[in-house]
Amino acid sequence: MNDPRYDRKTWAVGAIFLALAGTIGYMLPRQAASTNLLQSLSPQRAQAAGSPHAEQQPVGPGPAGSVAGARPPTRPIFTPPPDSKIPDNEFGKMVRFGRAVFEDTQHNAKEFVGNALRCANCHIDGGRLANSAPLWAAYVAFPAYRSKNGHVNTFQERMQGCFLFSMNGKEPPLNDRVLVALESYSYFLATGAPTGANLSGRGYPKLPKPAQLDYAHGRQVYAQKCALCHGLDGQGQSGADGTVVFPPLWGARSYNWGAGMSSIDSAAGFAKANMPLGQGNSLTDEEAWDAATYLDSQERPQDPRFSGSVAETRKAYHDSPFDMYGQAVDGIVLGQHSPPSGPPRSQ
Amino acid sequence: MTRFTQPAVIAAAGGFWLMAMSSVALAADGRALAVNGNGKGALPCVACHGAQGEGQPAAGFPRLDGLNAIYIRQQLDDFADGKRNNDIMRPIAGALSPDERQAVATFYAAQTAAKADEPAMADEATISRGAALAAFGDWSKGLPGCNLCHGPDGEGVAGTFPKLAGQNTKYITEQLKDWQQGKRANDPLHLMTTVSAKLNDAEITAAAAYYASLPAVPAASQQRPAR
C-alpha cells in the first residue's frame with residue numbers, strides 16, 4: 001500500500017529533475033545569445049563614439065547584458081521588388097528615370113555633378129544591395145534629425161547632401177526632376193517596408209573598433225587588393241569609350257571632404273562588405289580599416305562648408321578619430337591644399 | 001634653338017627617328033610572326049586565329065584583334081610558364097622570345113577584323129538575358145554584372161579586363177567553365193574564379209551569346225570619321 005505514495009515521490013523527484021533539466025537547457029542557448037548580443041553591440045558603440053554621421057546608427061534595445069534573457073536586437077529583413085514591378089504609368093516613368101539617374105549620374109544629372117562618380121558606385125546593385133547603403137532602408141528612415149546639419153531633414157534634403165558632398169557637385173533645387181525621380185525610385189524600392197524601421201542591411205556595416213589605424217599597412221593592402229581596379233594612384237580606370245568604370249577614390253575627381261565616405265569608419269564598412277567587387281567579406285577587419293585609412297588620408301576636393309580655416313573646419317565638422325581632415329600626413333595637413341569643391345568653374 | 005649645339009639637335013632627331021622606326025619595326029615583326037611563325041617552333045598565329053585575328057567561332061579559337069596589348073602579352077607569358085594551362089598554346093608561346101611575344105601582342109592590338117560568322121546564333125531571348133546579366137549581374141547570389149569590370153558593352157578596361165564584345169560563343173563558354181573547374185586560374189585576385197563559381201550553365205550560355213552578338217567594333221567608333 002506504499003506504492004501510491006512512493007509513486008507520488010518518484011513523480012515529484014522526476015518533475016523537479018525535469019524542471020532543472022529544462023531550466024539548464026533553457027539557459028544554455030540564452031547565454032550564447034547574450035554573448036552574441038555583446039559582440040554585435042560593440043561595433044555600434046564604436047560607431048556612436050566615433051562617427052559624426054549619426055544618421056547611420058543602428059539602435060539597440062537597451063544596455064547589453066543587463067537582463068539575462070535579453071534577446072539579440074532583431075532588425076527587420078526587407079527585400080525590394082524587382083524592376084519588373086515598376087508600374088506602367090506616369091509614376092513608373094519617373095521611377096525609371098530615377099533608376100537611370102542612379103546608374104548614369106554623369107549624363108542624367110550632369111548639371112549637379114562635379115566629379116567622376118555615379119550613385120551606383122557606393123550603392124551597389126542600383127541601390128538594392130544590403131550593407132551597401134540601400135535606398136529602401138534610407139527611404140523609410142526619413143524625415144530624420146541629422147547631427148551633420150542640426151535639423152530635421154526630409155529625404156530630398158538628404159539627397160541634396162549626396163550631390164553636394166559625395167558627387168562634389170551642386171544641390172539640385174527641392175522638387176527638381178532629378179530629386180523627384182530619385183525619390184520615386186527609392187519609394188518604389190521601399191514598397192511594403194515599414195516606415196521608421198531600422199532595417200537590416202541599412203547603411204554600411206559597423207566594424208568593431210580597431211586597436212589602431214595603420215596607414216603603412218593600409219598602403220600595402222591597397223596595392224595588393226584595390227589598385228588592380230582603382231589604380232595605384234587612386235584615380236580609377238575608364239573603359240574604351242571613356243566611361244569611368246572603376247571610380248577614383250581620391251583627388252579632384254572623387255568625393256569631397258564633406259562626404260560620408262571621407263570618414264574612415266564608413267569607408268572601412270563599405271570595403272569590408274563589398275570589396276573587391278564580388279568578394280564581399282573577404283578582407284579582414286584590419287585590412288578594411290587600414291585600406292580605408294590609407295585612401296581617406298589622401299587629398300580630395302575641399303569641404304563645401306570650408307570656413308577659410310582648416311583647423312576651424314575640422315573642429316566644426318571633422319572632430320573624429322576616424323576623420324583625417326586637418327590632420328598631418330607625411331608632413332602635409334590634409335585640407336590645406338585641397339582642390340576647390342564643386343564642379344569646375346569654367347563650365 | 002640657338003642655345004642647343006648642332007650635334008645635340010642631330011642626336012635628338014636621330015633618337016626620335018630610332019624610336020619611331022622601332023615601334024614600326026615592332027608592328028612589322030608582329031605581322032611577320034603572325035603570318036609565318038618564327039621557324040623555331042612557334043606556328044603561325046593566323047592558322048588558328050584567322051588572317052586578321054578574327055578567330056574561328058566553330059572551333060572556339062578566340063578573336064585577338066583589338067584586344068589590349070598588355071593583356072595579350074600577359075596571356076602569352078602565362079601560357080609559356082604554365083600559369084595558364086593550354087596544351088596548344090604552351091609550346092607556341094614558349095617558343096616565342098619575350099620580344100616576339102610583345103611584337104605579336106602589339107600587332108593584334110592594332111588590328112580591326114570583320115567578325116567571323118558564328119555556326120549558330122542564339123535566340124533573342126537568350127541574348128537579352130545575357131545582356132541583363134552583363135549589365136546587372138545577380139546580387140541575390142553576390143554576382144556582379146560582367147560589365148562592372150569589363151566596361152560598358154564589354155569593351156574592356158586597360159590591360160587587366162579584356163574586351164569581350166564580339167568574342168565568339170564557344171571560347172567564352174569554355175573559358176567560364178575552365179574558371180569554374182579551376183583549369184584556368186591566372187586571374188588577378190581570383191576575380192574570375194570567384195565570379196564563375198556563382199554562374200549556372202544557363203547564365204554561362206546567355207552571357208556568351210550576348211557578347212558574341214555584339215559588333216566587333218563598337219557602333220560609336222564606326223560612326224566616327226576615319227581621320
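The values are calculated or read from the model by the stated rules, or taken from the named source; none is laboratory data. Since the structure is predicted, the reported quantities are computational estimates derived from the model, not experimental observations. All Cβ positions, glycine included, derive from the backbone under ideal geometry; neighbour counts span all protein chains shown.
Tally time: how many residues in segment A:141-161 are among the polar types (S, T, N, Q) and modelled with pLDDT of 95 or more? Within segment A:141-161, residues that are among the polar types (S, T, N, Q) and modelled with pLDDT of 95 or more number 4. Taking only pairs six or more apart or across chains, which ones have beta-carbon atoms under 6 Å, a first residue in segment A:220-246 that is more than 8 Å from chain B (Cβ to nearest Cβ) and buried (at least 18 other Cβ atoms within 10 Å of the Cβ), and a second residue that is part of a loop (DSSP other than H, G, I, E, B) and aromatic (Phe, Trp, Tyr)? These pairs meet every condition: A:GLY234/A:TRP250. Scanning segment A:121-178 for residues that are among the aliphatic types (A, V, I, L, M), within 26 Å of A:HIS318 (Cα to Cα), in contact with a helix residue (DSSP H, G or I) (Cβ under 8 Å, 6 or more places away or on another chain) and assigned to a helix (DSSP H, G or I) yields A:LEU135, A:ALA138, A:MET159.
Within segment B:134-178, if we keep just the residues that are aromatic (Phe, Trp, Tyr) and touching a residue at least 12 places away in the same chain (Cβ under 8 Å), the residue that is farthest from the other protein chains (Cβ to nearest Cβ) turns out to be B:TYR171.
If you go through segment A:305-327 and pick out every residue that is in contact with a Ser or Thr (Cβ under 6 Å, 6 or more places away or on another chain) and assigned to a loop (DSSP other than H, G, I, E, B), you end up with 5. Any idea how many residues of segment A:247-262 are surrounded by 24 or more Cβ atoms within 10 Å (Cβ to Cβ) and either of a type in the set (Asp, Glu) or under 19 Å from A:ARG305 (Cβ atoms) (or both)? Residues in segment A:247-262 being surrounded by 24 or more Cβ atoms within 10 Å (Cβ to Cβ) and either of a type in the set (Asp, Glu) or under 19 Å from A:ARG305 (Cβ atoms) (or both): 9 in total. Surrounded by 19 or more Cβ atoms within 10 Å (Cβ to Cβ), without any contact (Cβ under 8 Å) to a residue 40 or more places away in the chain and away from chain A (no Cβ under 14 Å): does that describe B:GLN181? No: the conditions fail for B:GLN181. Taken over segment B:164-214, the criterion of being closer than 17 Å to B:ASP138 by Cα and among the basic types (Lys, Arg) is satisfied by B:LYS198 alone. Restricted to segment B:155-227, the set of helices (runs of 4 or more DSSP H) holding at least 3 residues that are modelled with pLDDT of 95 or more and at negative phi comprises B:169-181, B:191-196, B:201-213. Within this structure, A:GLN302 passes the test of being buried (at least 19 other Cβ atoms within 10 Å of the Cβ), modelled with pLDDT of 95 or more and in a loop (DSSP other than H, G, I, E, B).
Would you call A:ALA211 without any contact (Cβ under 8 Å) to a residue 12 or more places away in the chain, outside any loop (DSSP other than H, G, I, E, B) and under 30 Å from A:THR284 (Cα atoms)? No, not satisfied. The set of residues in segment B:80-92 that are of a type outside the set (Val, Ile, Thr) and either free of Cβ contacts under 8 Å to residues at least 24 places away in the same chain or in a loop (DSSP other than H, G, I, E, B) (or both) comprises B:ALA80, B:ASP81, B:GLY82, B:LYS83, B:ASN85, B:ASN86, B:ASP87, B:MET89, B:ARG90. Restricting A:SER147, A:SER166 to those that are of a type in the set (Ser, Thr, Tyr), surrounded by 21 or more Cβ atoms within 10 Å (Cβ to Cβ) and either in contact (Cβ under 8 Å) with a residue 24 or more places away in the chain or within 14 Å of chain B (Cβ to nearest Cβ) (or both) reduces the list to A:SER166.
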